[in-house]
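See below for the structure under consideration.
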Number of protein chains: 2
Amino acid sequence: GHTVVCGYGQVGEAVCMALRAARREVVVIDHRPEHLAWAEAQGIHTLVGDATDEDVLRRAGAERAESLVSVINSDPSNLYVVLSARGLNPGMRVIARASDESAARKMRRAGADEVVNPYQLSGNRIAAMMLAPRLSRLLSGDVTSEHFAVREIGVPDALVGCTVADLGRETGALVVAVWRGGQPVVGRPGEVLQAGDAVLVAGAVAEVEAVEGMRLV
Amino acid sequence: GHTVVCGYGQVGEAVCMALRAARREVVVIDHRPEHLAWAEAQGIHTLVGDATDEDVLRRAGAERAESLVSVINSDPSNLYVVLSARGLNPGMRVIARASDESAARKMRRAGADEVVNPYQLSGNRIAAMMLAPRLSRLLSGDVTSEHFAVREIGVPDALVGCTVADLGRETGALVVAVWRGGQPVVGRPGEVLQAGDAVLVAGAVAEVEAVEGMRLV
Ligand SMILES: [Ca+2]
Ligand SMILES: [Ca+2]
């Protein structure tokens, strides 16, 4: 499934670049052709048009998309897109930008699964920089190091029934947490991995990649 | 040392609330008294005035502050504050908001230690929500659970010379990483903790608090 991104300003650009780096398929909609030229040069599918027009969303494949991100620089436009998108594809994951708490509530009421307020997010991030400067750099990906990487990995069938200790022994990676039923629990050595679990693993890049490689076993 | 926050909009409010919850001393400056009324009701020191006026920064104690956060909704104003703050207190940590990459470069040139662009941050966060939804919720503090907490802790004198394994045995917490010389390394069991290290620990809340309590030993 692909992702439809509505709005190619700074937020949309950052979303597209990160998804592109992870090899996700993206279609980005913006009414300003000059904003899309660079995206197109990066090999991203682009569509010139107004995302508040349902026909444009349909042409972007919203009806069969896995997710839609509405990050236009206008709360009314984002709200309109969220409502249209929900009508076209009730099962799709919808993430919207909102510029204040009142807009955020409206986005959620209109069917957004998640809402990001750039200002509140920035304030929280600045506080984290002051209260836990190393942790915040590390976890935000500002520090990249061969010697430390942290990643979320869905537990592959091959690992169901193994313990956290088994996984560490096989790969050298540290299981920080096991995510089960919407909640994280600490990765105790004896914890048995179940179908549907995800693990948060830390380690050198090669170790973390070894865990990812086990998906293929 | 206290923190001076310039600008009490949504960003400033989020910064102040988080620092307040961590019992940090904050002085917030804004030229709009009505914006400061609520901050004052929360017991935050407030100062009505224009933060681009050096006398106002002085009255907020910028010369002896530990850090200053400039999150006014104007790049020129933030730049002006960063330059003034640097002049008043060269050793202070300065964090500024910038609305695009060009403004961010100027803030750094003027002496900001760190710069936050709300739009780029939001785009990166939305991508993280899609690529690693559980990890991003967990690490951003959206999930709070008695069974899982992650925290950054400076290694207290009492623990210098202990190993990562010792710390785990004493407290039950998992040492995810040791931060040394500006770089993280994975928390291998045999790693000996040194003065100036910080550790990133995960565990149940009580376990993480046990590590924090060892500062007092
Ligand atoms: Ca959904
Ligand atoms: Ca400094």
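The values are calculated or read from the model by the stated rules, or taken from the named source; none is laboratory data. From a predicted model like this one, the values you see are computed outputs, not experimental measurements. Don't worry about glycine lacking a Cβ; one is built from the backbone with ideal geometry, like all the others, and counts go over all protein chains shown. For the accessible areas, the whole protein counts, side chains as well, though only heavy atoms, and no ligand, DNA or RNA atoms are used. Shrake-Rupley method; radii C 1.70, N 1.55, O 1.52, S 1.80 Å.
Please state the shape class of the protein assembly as shown: rounded when a/c is under 1.5, otherwise prolate if a/b exceeds b/c and oblate if not, all from the C-alpha gyration tensor. Oblate is the answer for the protein assembly as shown, as a/c is 1.5 or above yet b/c matches or exceeds a/b. Beta bridges from DSSP with both residues in the protein assembly as shown: antiparallel share about 45 percent, rounded to the nearest 5.
Just add up the charged neighbours of B:Ala149: K/R +1, D/E -1, any other residue whose Cβ is under 12 Å from the Cβ of B:Ala149. It would help to have the intermediate numbers written out before the result.
Working: positive: B:Arg151; negative: B:Glu146, B:Glu152, B:Glu207, B:Glu209, B:Glu212.
Taking every other residue near B:Ala149 into account, the sum is -4.
Over all orientations, chain B has a Cα convex hull whose mean projected area works out to 13.4 square nanometres. Between this copy and the others, label points of B:Gly91 are 6.2 nm apart in ascending order, each placed 7 angstrom from Cα in the Cβ direction. For peptide B:2-13, the mean count of partner chain Cβ atoms within 10 Å of a residue's Cβ comes to 3. Based on Cα contacts under 8 Å between residues 6+ apart, chain A shows a relative contact order of 14 percent.
Stretched out straight at 0.36 nm per residue, the stretch from B:Ala21 to B:Glu212 would grow longer than its current Cα-Cα span by 67.1 nm. Among beta bridges from DSSP that stay inside chain A, the antiparallel ones total about 45%.
The solvent-accessible area of B:Lys106, taken with every protein chain present and a 1.4 Å probe, is close to 90 Å². Name all residues of region A:53-77 having a backbone nitrogen under 16 Å from the label point set 7 Å from the Cα of A:Gln42 along its Cα→Cβ direction, giving them as ranges. Zone members listed by number: A:69-72.
Taking both sides together, what accessible area is buried at the B/A interface, probe 1.4 Å, expressed in Å² and rounded to the nearest 100? Provide the component values of the computation, followed by the final result.
Values: alone 12510 and 12530 Å², together 19390 Å².
The summed interface area works out to 5700 Å².
Between this copy and the others, label points of B:Glu63 are 7.0 nm apart in ascending order, each placed 7 angstrom from Cα in the Cβ direction.
Less than 13 Å Cβ to Cβ from A:Glu54, Lys/Arg counted +1 and Asp/Glu -1: what total charge do the surrounding residues give?
Value of the local net charge: -1.
Need the C-alpha centroid separation for region A:52-83 versus region B:14-36, integer Å. Centre-to-centre (Cα) distance: 36 Å. Contact residues in region B:160-188 by the 50 Å² criterion (accessible area, 1.4 Å probe, full protein complex versus chain alone): B:Leu174, B:Val176, B:Trp179, B:Pro184, B:Val186, B:Arg188.
Taking each residue of B:18-24 in turn, how many C-beta atoms of other protein chains fall within 10 Å of its C-beta, and what is the average? Can you show the working numbers first?
Details: counts 8, 5, 1, 2, 4, 0, 3.
Partner Cβ neighbours, averaged per residue: 3.
For the peptide B:108-120, the mean number of other protein chain Cβ atoms found within 10 angstrom of a residue's Cβ is 4.
Net charge of the neighbourhood of A:Val11, taken over other residues with C-beta under 12 Å away and scored Lys/Arg +1, Asp/Glu -1, is -1.
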